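Here, each number is a calculation from the coordinates, and none is a lab measurement. Since this is a predicted model, take the numbers as computed values, not measurements. Neighbour counts are summed over all protein chains in view; Cβ atoms, including those assigned to glycine, are modelled from backbone coordinates with ideal geometry.
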Amino acid sequence: MSAQTQYSVGLTRSRIFKMIMILVGSLLQIFSVYSQDKQQSRIDVLKKMTLEELMNVEVVSASDKPEGLSEAPANITVISGEELRHRGYTTLMDLLSDLPGVTWIGRYSAFTTQVIRGNFNSKRLMLLFNGIPFNPKNGFGTSWADRFPIEGIKNVEFIIGPYGSLYGRNTYSGVLNVITKKGEDVNGGEITALYGKDHQMQGTAIFGKKVGALDIYLSFYKNYSDRGINLVKEYPNYYAKDKREQGSLFGNPVVVPDSVSADVVLPWDNREIFLKIAHSAGLELQLQYNHADMPKVGAGFTALYYVPSKECMLTDKTLNASLSYRHNLNNKISISSNLIYQNFDWLAKNLYLTGTHRWYAQQAASYMFNQKIRWRISTANELFASISFERVHEKALIASTSQKPVWAATDKTEIDYLNISLQDEISLTEKMKIVLGLMYENSSIYQDVLIPRFSGIYTFNKNNVLKLIYSSGFLTPDPEVRVIQDRIKGRTDIHPEYIYSFDVNYTRIWNKNISTIMSVFHNQTKNLIQQVADSTLPPPYEWTWENKGDARSFGVDFTLKARLAKNFSSFLSYSYVEGNINDLLNGNELFMLNRLPAQALHHFKLGLNFLFWSDKLNLYVHNLFVGDRPTWEDEEIKGFQFSTPGHKIAGYNVVDINVRTTDRLNSKCYVSFGVRNLFDVRGFDPSHSNYDVSTYSPIRRRSWTMRIEYIF
Amino acid sequence: MVNHTKLFMLIVWTALSSVSMNIFAQQTEYDVKAVLLWRISRYIEWPVQADLNDETEPFILAVIGKDPFGDSLKQAYSSGELKIKNRKVEIRNFSDITEIDKCHILFIASSEKKRLTQILSKIRGKSILIVGDSRKFGEQGVQINFYFAGSRIRFELNVKSVAAAGFKIDYRLRSIARIVGGGKESTQ
């Protein structure tokens, strides 16, 4: 496709989009007259909710508010189960796209990752499932956001900013805690089937029931999409048909393995046994034992296996086992002891067009003992302390051999960690609360780490809260970097990468329909380690890592939530991110182009949620637009296929429109139809034969999905 | 950039063009609280003295003071679909302390702030679950006191008062409550 054609198609797309918006506006006006406010129907909806869901319903307050707008000493966003259903998300990735300050890149390749306030890389986000960490430590290749059925999620909590002092190392950009459903939440069954363009196929079956005290949850999940990647069609002069399978692993279809899971909660006197068995092209088994009277003993075991494709493969196995004991010594002091074992095995093989194989492998086994104590000194003062000892056996290699490489002694590292953290939460007055925190880590591989945390919350009145948040985190160097650390340019020692963040957050409820949240932030990064190309090195190490020193980013997040009418709610968020962090990260031009959406100065997100036809249909429109990066001049992207002399890239735009039936039409069967229009501006220079076309190519996509849910 | 600006303005127009519609009726506070009472009661075991064995007798949910629920309680419980302890729920209103009669849940409205101590004294020793939604009610002995965290409803649990009245609280309920009061509570 010529560059000129691309440009003209862009104009057509704008016209179509305008027409869609006019249509949407008209629909909003026409159908609103049919809407009715019926208290009974609202209560009927509430009756179906669990206790947790009821406590997540946003309500109009009329009573006293002993608390301010938010108790959390952090910048936190909660997406409720109700919002999950109304917005028609199909994966966690869709959900994250709606959060302020978060941008996804590479959505249409297997190489998907999120960027949070300019911080790139999946492994910088601490991902928790029900409070338990789940981080694929490699940070790329594994698209964890597709692995979990959205139907199994009850709600999601997202904390933006580094909270290493509380959650430990690698809590760099934020924390995402996904709360999953139990049998009681499902109370019956739910079968979902999705089909869409780009061979998107998703099937989920969930069954859950609480019988007496017995809670049972079963789920089956299958997800497949080739993400519309057709190299032969898009690049006929570059990719011959017989080369279809010879991309890198990033260019291959995303095949998420079948997933089957069964959770059973068995009552036993005052105790509870939680048993989870799951198969995800591997085995996941979790056993947990809870005692009703606070002391808790739990054991968990999980394993995941990621399927290989033909020539290019990726396997990812993780194993977690933990044993914990928790006890309330008295009304003021509680302690918990935890033994945790984690095993991680990651292997990837690429076959390049040159015929070269390249293997990447990482393995890690971690043994940890952790002791926590929580002491309620007074009603206004609570102290938390934690101490951990951890030993990690780690291996990493990169090799260019046709056969699977074997580990050498030089590939191995043993690391010991000692970690101590303290946190004190003090209510100075009824209106003012502060949280002080400090974390110290000593390791055998890099210098000691000492990071602070401070949060101050001031509640002016029931509708105004100001938070001052100073937090920090650090990222341990990648195992691959550590093992071949002598290759780091200009230095032989390795330091963790630090981030110090200052965030001023102000939340205001203007009236029962309108609220705003505004944050002004500044992030200071230290020891920014970046992979850079170095042609002077022999293969397979044509690149190395460089300590780029300090970097910073700063900006503003602003979210407006408004219920503009009885059946119409909306949000508008705007983020501005500036600073030199992107410039420093852009070690080579290909990385720069792939990160283009994340590099933008301006990020707009708009969500419109509208009930029409007497509340029988729910319409959700989401628009993400990023744009206006001064460095997007054509000379910097010269040679890429979409580049036209004199033409500047305007931005990156995604529009999702989803229409879903509601229980007012049928309480058993829900049908949704989604349309996505994406213009993903990326570039590729064919002269770089070692790089994969699909990841760095300009892709403009329109896709659709049809989804049917049956609830019984 | 120009095209995108126009598009964006168009979307904003789309949003603003609907302002003329009626003000959205959010889930109201007392609809949620009415249903929460039912949900919460599932995690509480009443003492034997409450005499809840006879399922033909109604479960009495009473409000004392200026009733903030409006029609919410009636709408929630009148159909008989929501049962507490397997009994149909009957709603009663007491306008004065002297009217307090047999009931299983007593919601103390904020209008009774000044008479709270008297009310608590009157029902002391009875197997009545005391609920409220006013500042400092929890600390003063109201067993379950709703409050707001942002725009979401939370509740305080006075463990000392609960234990004294002989209620057994499931640990799951306790785990999501903000504990106030003191003493060692009884658990199920």
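Quick rundown of the values:
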quantity: Separation of the residue B:176 and residue B:74 label points, Cα + 7 Å toward Cβ, nm; calculated: 2.9
quantity: Computed FRET value (nearest 0.05) for residue A:702 with residue B:114, which takes r as the C-beta separation and R₀ as 51 Å; calculated: 0.20
quantity: FRET efficiency, residue B:51 to residue A:332 (Cβ-Cβ, R0 45 Å, nearest 0.05); calculated: 0.80
quantity: Relative contact order (percent, whole number), segment B:26-180, Cα cutoff 8 Å, 6+ residue spacing; calculated: 23
quantity: Rg/Rh for segment B:26-180, where both radii come from Cα atoms and Rh is the Kirkwood radius; calculated: 0.92
quantity: Length gained when the stretch residue B:121-residue B:136 is fully extended (0.36 nm per residue, less Cα-Cα span); calculated: 3.7 nm
quantity: Calculated FRET efficiency for the pair residue A:522/residue A:385, C-beta based, R₀ 30 Å, to 0.05; calculated: 0.55
quantity: Cα-Cα over 22 Å, subset of A:47/B:160; B:66/B:113; B:66/B:122; A:512/B:136; calculated: A:47/B:160; A:512/B:136
quantity: Cα-centred dipole magnitude for segment B:26-180, charges only on beta-carbon of K, R (+1) and D, E (-1), debye, nearest 20; calculated: 580
quantity: Distance from segment A:403-471 to segment B:38-62 (C-alpha centre basis), Å; calculated: 46
quantity: Projected label distance in nm at residue A:440 and residue A:325, using a 7 Å step from Cα toward the beta-carbon; calculated: 2.7
quantity: Cross-link pairs beyond the 25 Å C-alpha cut-off, checked among B:83/B:168; A:209/A:372; A:566/B:83; B:74/B:102; A:48/A:154; A:48/A:197; calculated: A:209/A:372; A:566/B:83; A:48/A:197
quantity: For residues of B:36-42, the mean tally of beta carbons on other chains within 10 Å; calculated: 3
